[in-house]
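Quick notes on the structure that follows.
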Amino acid sequence: MVGGRGLLIAAACWALAGTSLYATNWQVAAARSTADIRQIPPLEPPSAASIKALSLGFTRAAADVAWLQTIQYFGGGNPNERYSALTALINTVVKLDPDFEYPYQFGGIILPLQGDYEDALKLLDAGIARFPNNGLLPYYAGAIARIDLNDSRRAAVYFQQAARTPGAPAAATLLAGVSLTDLDDRQIALAWWNGIIETSSDTTIRDRAIVWRDHLETVLALETLIIKINAASGLPINNLQDLVTRGLLPEVPKSPLGWPLVLNTATGRVELLR
Amino acid sequence: MFKMRWWRPPLSLAGLIALSAWQSRGLLGGAILGVVAGLSARFFATASLGQDARVMIDLLLAITTIGSLAIGWLIATNLAAAEQERGAGLLLASKPLTAGQYAVGRWLGIVVGSALIYIISALVGCLIASLGQQMPLAELSLSWLTSGGELLVLAALANLLACWTTSSLASFLTLALWFIGHSIDVLVMSSGWQFLGYILPNLNRFNLHETYVTATGLPGTFYVLTGVYALSWSVVLVVLASAALKKRTW
């Protein structure tokens, strides 16, 4: 076989190999130029229960590995512009090691950036239950509720919780008040601001609380006046300028916060024009 | 009188080696390899650039390919080496084989033994890795078969190397050449020495990432040509092994 015929076969096969390689290279280049890179749905990591079973008791070590996977996944960039496996990965880490504090904070900051608000809040709720003395967790949760979900009631609860926790940002106190101010029950908000003014030793926070308290008192006074006038006369007040036109006020009052005030005729509430 | 066909002794030898793979619990080894590959792929797949499934497929099939080849090769060469150490072995003593027959038979044996293990490990690995996931299995299978061509070439390479050294060292050398073979594109195809990429075994053609992910819409002839490439190189290497065996003193 290895005689002249064998060498001839080998030479022919060698040439055939080079030719077929050239042809397949050409085919790949052609396919790449016309087709998009395949979009494959990202994978979910294995369940925490299965990893726990496979870790043979080294659950925290498995959590560490899962955490490294998480930050590598997040740090690696994402061509699809969304880290869809991130929630599952962080949840896996904290399920494997619930005492690992940082993933709660990490998820609380990162997940809302890609629109996973409820996932972030669930994670933060678990973190708050595990670490009741970490004021950052309810603070982040309050920010998500207020900024992303526009849910002042939920935000107020979180911010109030943060304000009671040592180590939380000082702004938690003010933000709780702001969230309460936006709620229907403004008497609670007023009580919150007065509480801050009476107890806060930080002059910046106290001064800011005074401004918010004054704003709220102005708003409440205007709303009370409008309710009275509407009840007494058949001609309802349609905007704050009407109060001036009818000689009830010398001018439309401004909010101590610096923004103009407007009347929302649909709700009957006086609001900031922001 | 019964006339022995040329291809019968090599097939007998191949069957013996394949049987040895079975008797050595090679298939169990393949299944365990598949479990390791599948779990590794699932666990580590989320780590790179968000291209989770791509990495998973690459990793999974690369592990099953090289792992099953390593197991199959060790089993096959241990048997072949044992025969050599006994002084040409029972096979050669009872029915003299030509160097060509021996080279072909051993290569086929390695291929069959490795392929059995590869099939088992890839099936188990794919099953574990794809549980609950959406993967186009038809295309995945094609990529998997493409990777099987690599197994043919590597088996032929290991077969050739074993003509000069021990089976274990030949396995390690094959592994080293496997890495180099995958780097051919990087080493020469982007330089002024592109022709070397066409005259050396370029294992990057079996790159699963390329066939499965980045080059969608490849025609069927691509897979045929890849198979031709694998077979052609296998023949070249088997002929070289045959030549080396012929010069060897038994």
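The values are calculated or read from the model by the stated rules, or taken from the named source; none is laboratory data. Just so we're clear, the structure is a prediction, and the values are computed from it rather than from any experiment. Cβ atoms come from the backbone with ideal geometry, glycine included; neighbour counts cover every protein chain shown. The area values use the complete protein model at the heavy-atom level, side chains included, leaving out ligands, DNA and RNA. Shrake-Rupley method; radii C 1.70, N 1.55, O 1.52, S 1.80 Å.
A few remarks follow.
- Taking the range A:128-194 and the helices (runs of 4 or more DSSP H) fully enclosed by it, the elements with 3 or more residues that are within 15 Å of residue A:109 (Cβ to Cβ) are at A:136-143.
- Residue list for the range A:194-206, filter: open to solvent by 40 Å² or more (accessible area, probe 1.4 Å) and either touching a Gly at 6+ places or on another chain (Cβ under 6 Å) or over 17 Å from residue A:169 (Cα atoms) (or both): A:194, A:198
- Among the residues making up the range B:196-217, those that are at the interface with chain A (Cβ under 9 Å from one of its Cβ atoms) and modelled with pLDDT of 75 or more are B:197, B:198, B:199, B:201, B:202, B:205.
- Just one of (1) out of contact with any Leu (no Cβ under 9 Å at 6 or more places or on another chain); (2) modelled with pLDDT of 85 or more; (3) open to solvent by 20 Å² or more (accessible area, probe 1.4 Å) fails for residue A:118. It is (1).
- Screening residue A:100 on (1) assigned to a helix (DSSP H, G or I); (2) over 16 Å from the mean Cα position of the chain (by Cα) shows it passes everything except condition (1).
- Verdict on residue A:229 being among the β-branched types (Val, Ile, Thr) and either touching a residue at least 24 places away in the same chain (Cβ under 8 Å) or under 14 Å from residue A:273 (Cβ atoms) (or both): no
- Positions within the range A:124-137 being open to solvent by less than 10 Å² (accessible area, probe 1.4 Å) and either closer than 18 Å to residue A:90 by Cα or among the basic types (Lys, Arg) (or both), in sequence order: A:124, A:127, A:137
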